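Let me begin by handing over the structure; questions about it come next.
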Amino acid sequence: MGDNNDSSASKLAFLLIGGGIGAILALLFAPKSGRELRGDIADVTRKGIDYGREQGRMIGDVAGDYYERGRGKAGELVDVGRERVSSLVEHGREAVTTKRDAVTAAIEAGKQAYQETKKKGRAAGEDGTESEA
């Protein structure tokens, strides 16, 4: 999109320059007195400058509009990115919590099984039977 704007600006500049040169040449070869010719050249120059300023203002307004649109789109993209990252972080936390709970439950089950085995071993030792551990 930037290349297209640069190309349009270049074409506009060349058009203005070419038009100005053509107008000056037309005035120089027109059969008029020096004073009239200088006045015509001054008028054409003023009109060209005014036209250039107006075009510059219009281009500035369009550029400002593009800037604001781009800024808005960038803001939207940042917001979407933040939402996605937050969602991923939340899913990650949930997965970690689920796995942590499962590991904690397995550790508790292992402790309980160890305690029960230990109690059975003691009970077997008190009865006079040997345990096969």
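The values are calculated or read from the model by the stated rules, or taken from the named source; none is laboratory data. As the structure is a prediction and not an experimental result, all values here were calculated from the model. Here the Cβ positions follow ideal geometry from the backbone for every residue, glycine too, while neighbour counts run over all protein chains shown. These area figures cover heavy atoms from the full protein model, side chains too; ligands, DNA and RNA do not enter into them. Shrake-Rupley method; radii C 1.70, N 1.55, O 1.52, S 1.80 Å.
Report, in degrees rounded to the nearest 10, the 0 to 90 angle that the Cα long axis of helix 2-29 makes with the longest principal axis of the chain.
Orientation of helix 2-29: about 10 degrees from the principal axis.
Can you pull the Rg over Rh of the chain, Cα-only, Kirkwood?
1.80
Another question, if that's okay. Rank ALA74, ALA113, GLY20 by how far each Cα sits towards the positive end of the charge dipole of segment 1-119 (+1 on Lys, Arg Cβ; -1 on Asp, Glu Cβ) and give me just the farthest.
ALA113
Could you work out which residue, out of ARG57, ARG93, ARG122, moves most in a Gaussian network model of the chain, that is, has the largest mean-square fluctuation with Cα springs under 10 Å?
ARG122
While we're here: Relative to the Cα centre, what is the charge dipole magnitude of segment 1-70, using +1 at the beta carbon of each Lys and Arg, -1 at the beta carbon of each Asp and Glu, and rounding to the nearest 20 debye?
My answer is approximately 380 debye.
Explain nothing, just compute: Karplus ³J(HN,Hα) = 6.51 cos²θ - 1.76 cosθ + 1.60, θ = phi - 60°, for every residue of segment 32-45 in order, whole Hz, x for Gly and Pro.
9, 6, x, 5, 5, 4, 4, x, 5, 4, 4, 5, 5, 5
Another question, then. Grab the beta carbon distance between LYS11 and ASP79, set R0 = 25 Å, and tell me the FRET efficiency rounded to 0.05.
0.10
Rounded to the nearest 20 Debye, what is the dipole magnitude of the chain about its Cα centre when Lys and Arg each give +1 and Asp and Glu each give -1 at the C-beta?
Here the size comes out at about 660 debye.
Roughly how many Å² of LEU28 are accessible to a 1.4 Å probe, to the nearest 10?
90 Å²
Here's a follow-up. Taking springs between alpha-carbon atoms closer than 10 angstrom, which of GLY92, GLY75, GLY110 fluctuates most in the Gaussian network model of the chain?
Fluctuation is largest for GLY110.
On a C-alpha basis, how far is the centre of segment 75-103 from the centre of segment 27-61 in Å? Whole number, if you could?
65 Å
Right, something else. In the chain, how many lysine pairs have Cα atoms under 30 Å apart, counting only pairs 8 or more places apart or on different chains?
7
Work out from phi, with θ = phi - 60° and the Karplus expression 6.51 cos²θ - 1.76 cosθ + 1.60, the ³J(HN,Hα) of each residue of segment 73-90, listed in order in whole Hz, and give x for Gly and Pro.
5, 4, x, 4, 5, 5, 4, 4, x, 4, 4, 5, 5, 4, 4, 5, 4, 5
By how many nm would the segment from MET58 to GLN115 lengthen if fully extended, with 0.36 nm per residue of separation less the alpha-carbon distance?
Extending this stretch completely gives an extra 12.0 nm.
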